[in-house]
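Colleague: If you scroll down you'll find the structure; I have some questions about it.
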Amino acid sequence: MGGVPPWVQRRRVIISAPLNLPEGRNLLKAKDGVVDHLNNLLTIELTAINQYFVQAEMCKNWGFERLYKGFRSTSMEEMEDAQHLIRHILFLEGVPNLQRLNQIMVGETVPEDLELDLQAEMNAVNALGEAIAHCEQVQDYATRGILQEMIRSEEEHVDWLETQLETINIIGLELYLNQQIHED
Ligand SMILES: [Fe+2]
Ligand SMILES: [Fe+2]
């Protein structure tokens, strides 16, 4: 009489489990400032999608089929980056901002386009670096991992752009553009 049977203890443990759930769910929620960084990166990606897309169409219009393919496939890669960012923002229970675009920079010549893209990619790499440092600071290692993947793809874009500009320097613009008429 008076003793608490062991199953009552067990039951108390079971009851306490759902009470702990909200705290557990918080682990999934974004750390301070992470969604803001992700939305800033999303703006950069959305701008890049449009910039490469219009440059691709201009190249097609000029008859540079090979460059058209290059710009167009880069635009698609930026779209995949935007998709990853949107998915991750939603996963963190944030709101992806698709209303914002930076200025879309389009040149009057192919080398101008390449230079403007290079600036945009440098800007993206810098913003990614800052976001990665922030994730490190607030110990959001999952987001940091995603962004580290993304910075690699931007560095490949930088590499492609630099290769085009170097080739123009070496062989001259006329010959370079001649090579852009037919796709590979
Ligand atoms: Fe990107
Ligand atoms: Fe890029």
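Colleague: Can you put Met76, Met105, Met150 in order, fewest other beta carbons within 10 Å first?
Modeller: By the 10 Å Cβ count, ascending: Met76, Met105, Met150.
Colleague: Evaluate the distance, in nm, between pseudo-label points positioned 7 Å from the Cα of Asn123 and of Asn178 along their respective Cα→Cβ axes.
Modeller: Going from the Asn123 label point to the Asn178 one covers 3.6 nm.
Colleague: Where in segment 148-168 is the amide nitrogen less than 18 Å from a point lying 7 Å along the Cα-to-Cβ axis of Arg87?
Modeller: The answer is 148-154, whose backbone nitrogens lie closer than 18 Å to the label point.
Colleague: Can you give the Rg and Dmax of segment 32-179 based on its C-alpha atoms, in angstrom?
Modeller: Just the Cα atoms of segment 32-179 yield Rg and Dmax of 16.4, 52 Å.
Colleague: Another question about this same structure. Would you list Tyr141, Tyr68 from fewest to most Cβ contacts within 10 Å?
Modeller: Tyr141, Tyr68
Colleague: Roughly what would the spin-label model give for Leu98 and Ile171, points 7 Å off Cα along C-beta, in nm?
Modeller: Between Leu98 and Ile171, the label points sit 4.0 nm apart.
Colleague: Classify segment 68-119 as rounded, prolate or oblate, taking a ≥ b ≥ c as the square roots of the eigenvalues of its Cα gyration tensor: rounded when a/c is under 1.5, otherwise prolate if a/b is larger than b/c and oblate if not.
Modeller: Because a/c hits 1.5 or more and a/b exceeds b/c, segment 68-119 counts as prolate.
Colleague: Set the Förster distance to 30 Å, then compute FRET efficiency between Arg66 and Glu130 from the Cβ-Cβ distance, nearest 0.05.
Modeller: Step by step, r from the Cβ atoms, then E = 0.30.
Colleague: How far is it, in nm, from the label point at Met79 to the one at Arg152 when both lie 7 Å from their Cα along the line to the Cβ?
Modeller: Reported label-point gap for Met79 and Arg152 is 2.3 nm.
Colleague: When Ile146, Ile170 are ordered from fewest to most other Cβ atoms inside 10 Å of their Cβ, what list results?
Modeller: Ile170, Ile146
Any read-out appearing in this document is the output of simple, stated calculations on the displayed coordinates, not a laboratory observation. Being a predicted model, the structure only gives us computed values, none of them experimental. Cβ coordinates were reconstructed from backbone atoms using ideal geometry, including for glycine residues, and neighbour counts include every protein chain displayed.
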